[in-house]
Amino acid sequence: MRVQVQIPGTVESYCVDERGTKLEATEEHWLETYLCSVLRAYSYADNGSGDTIKRIIGVRRFNPITSTEQEHKFLDAAEKLFFSGWQLGSEPEIQVPNLVSNHLTSGLLHYIKTTGRYTSGINLFEKLRNRDPEIASLLAKVYMAGDEEVKAVQLLHEAVEELPMDYSLLDCQAEFCNRKGRSDLALEMAKRSVVSAPSEFGTWARLAEIYVTMERWDMALLTLNSCPMFTYQDKDAPRLPEPARISLPLAPETLCDEIDDSGAAPEIDSVHPTLRRLAAGNYKGTFHKAYILLTEVTKKIGWDHLLKIRSQVFVMEEEYRNEKQMPSGSSRNASTIALRGTDTPQPNGHGEPAEEDPPSSSGTDTSNSNGEPTVASSHLDPDVSKPSSSITVRSGSETPQPLPPNSDPSHQAYTQFHHKRLCERWLDNLFMVLYEDLRIYTIWRTEASQYRQQQLAYKKNAEEWEILGELAERLHHPDEAVEAWQNCLGIRFSPKAMRGVLKMYERRGDGRNTLGALIRLVAWQYRWYSEFSPDLLYATRKLIEDEGAVKVRSIVQATSLPQHILDLTHQYAALCAAFRSDGSEG
């Protein structure tokens, strides 16, 4: 879509197709443009908000929907164009966009969750469901988000009877049952979902998640190993040329000095090389979600036990070497036998039939062009899993070091070689990345403890504290993450660190400090010309629900922030009140 302005002169609007041909812009073109602009506003509003490198300087952001009239216009456009939504593409975890998994449905669910307008969402999806029963999965998600779980369960029951192999419905059921502590029911639904959509990452990831809940670690690893991985496609972002001069004016009285990071240049050159090389922080899409699952298992059973389970289900390097050294008459092909097993089901690590092991899926992508895992270097077959080192945390002055590779002779008690699987290259690399995360985390915590014992200050720069905070969060150590982020904020303001601290306050139910963090983030957004953040709008809405509007208002009025910042904070709160689910004013 093009709008050409001639000064002095006229204004002309038209559109250009993929061949560069100039065409007349129709009403349908403008409707699509409007709908996409709202979706883009919600999708991109917080993009790079905590990263000064990604942030586009000089862009002013507004909330596209600030009244019920504007909401009606947006939802009406979404209804008219809903069945063409798959053309917009989908999130990177979805291989094939479809009617219920695309950028339009993701944007609608994001809007409903952010504003709490569940009634509007239910009305929209009810109308669309009458035209296609597959949309029941979206309606059920809105029911659950709006705390109407009974209706959601009834709807899913009816929809699955009509569409018994719809993987979106089955996945929605599985997620709900697993969250309610009925992983036994969730397991069967997740298996059917995998059979229905074996090439989708989400179905396999859900099955692995349920096995983790059931503490069936071997099956969790085997299922994770079967996940189809996709190359991450990042959002389109304009690459602006470097300006010769920058002027970002803002009246001094409207700015709080403590949240001004305009002079904070990236300190990446002063970051310790070991912290700079941590690869897990760059994972996106399917690789990021797979890594989260692996860290959850590690948090529950520990690194050493994880390695033992890994040895039970995957072919290890030493086993592969032994097979290679067998006489030619008795040698076996690890690539085929480890995957096929035998015709007779044999017990695995949990005493279950081997036939229950999930089948391997195709579509593995090990590209590293987007910060994704690459093949771990090895002089052996790269498909053969290598034994990683163990980590032990020692007290006192001794810094923990990796133990030698595991040579425990108890390998004889493990599942026989020809019942094992080959570990996918990307998963093998995730183990290496996880080991490095655990090693750096252990060294950090040991050094910090030693400095405390000697009553010395443990010093890092702000960039290093940010990285350590993200590291602790990845490994599911929230208190240590907050400690790192607070140390970062003690040096300079960091929106990334402040968002981490905000999550901690929300988790603890600390309303006053939650509001304090929110106000600082609102002020920082205002400093960079942004008057809209879906994340902050959602956090404000949840705070008002938990604490009450009167209490929140009194805390805001008691602060000593500049009037412009207070006005903007009131705008966020007023928007939440105007968009209460029952439609009444707050």
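The values are calculated or read from the model by the stated rules, or taken from the named source; none is laboratory data. Computed from a prediction, not measured in an experiment: that's the story for all the values here. Neighbour counts are summed over all protein chains in view; Cβ atoms, including those assigned to glycine, are modelled from backbone coordinates with ideal geometry. Quick note on the areas: whole protein, heavy atoms, side chains included, nothing else; ligands and nucleic acids left out. Shrake-Rupley method; radii C 1.70, N 1.55, O 1.52, S 1.80 Å.
Arranged from highest to lowest average of other beta-carbon atoms within 10 Å per residue, in what order do the peptides 499-506, 92-99, 204-211 appear? Write down the numbers at each step before the final one.
Working: 499-506: 20.4, 92-99: 17.2, 204-211: 24.8.
In decreasing order of mean packing, 499-506, 92-99, 204-211 become 204-211, 499-506, 92-99.
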Response to the item:
For residue 314, the residues 5 or more places away or on another chain with a placed amide H closer than 5 Å to its own amide H are 421
Worksheet entry | Packing-based order for 65-75, 131-141, using average beta carbon neighbours within 10 Å, highest first | 131-141, 65-75
Worksheet item: Taking a probe of 1.4 angstrom, what is the accessible area of residue 247 in Å², to the nearest 10?
Response: 80
Item to complete: State in Å² the accessible area per residue of segment 69-108; use a 1.4 Å probe, count heavy atoms of protein chains only, and round to the nearest integer.
Response: 46
Worksheet item: Per residue, how much accessible area does segment 423-546 show when a 1.4 Å probe rolls over the protein heavy atoms, in square angstrom?
Response: 39
Response to the item:
Residue by residue through segment 118-125, the couplings from Karplus 6.51 cos²θ - 1.76 cosθ + 1.60 with θ = phi - 60°, in Hz, x for Gly and Pro, are 5, 4, 5, x, 4, 4, 5, 6
Fill in: Packing rank of 464-476, 118-130, where each peptide gets the mean count of other beta carbons within 10 Å, highest leading
464-476, 118-130
Worksheet item: So, with a 1.4 angstrom probe, what is the percent of accessible area on segment 91-185 that is carbon and sulfur?
Response: 50
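Using a cut-off of 11 Å between beta-carbons, work out the net charge of the residues near residue 134 (Lys and Arg +1, Asp and Glu -1, residue 134 not included). Don't jump to the answer; show the numbers that get you there.
On the way: positive: 129, 131; negative: 132, 162, 166.
Local charge sum for residue 134: -1.
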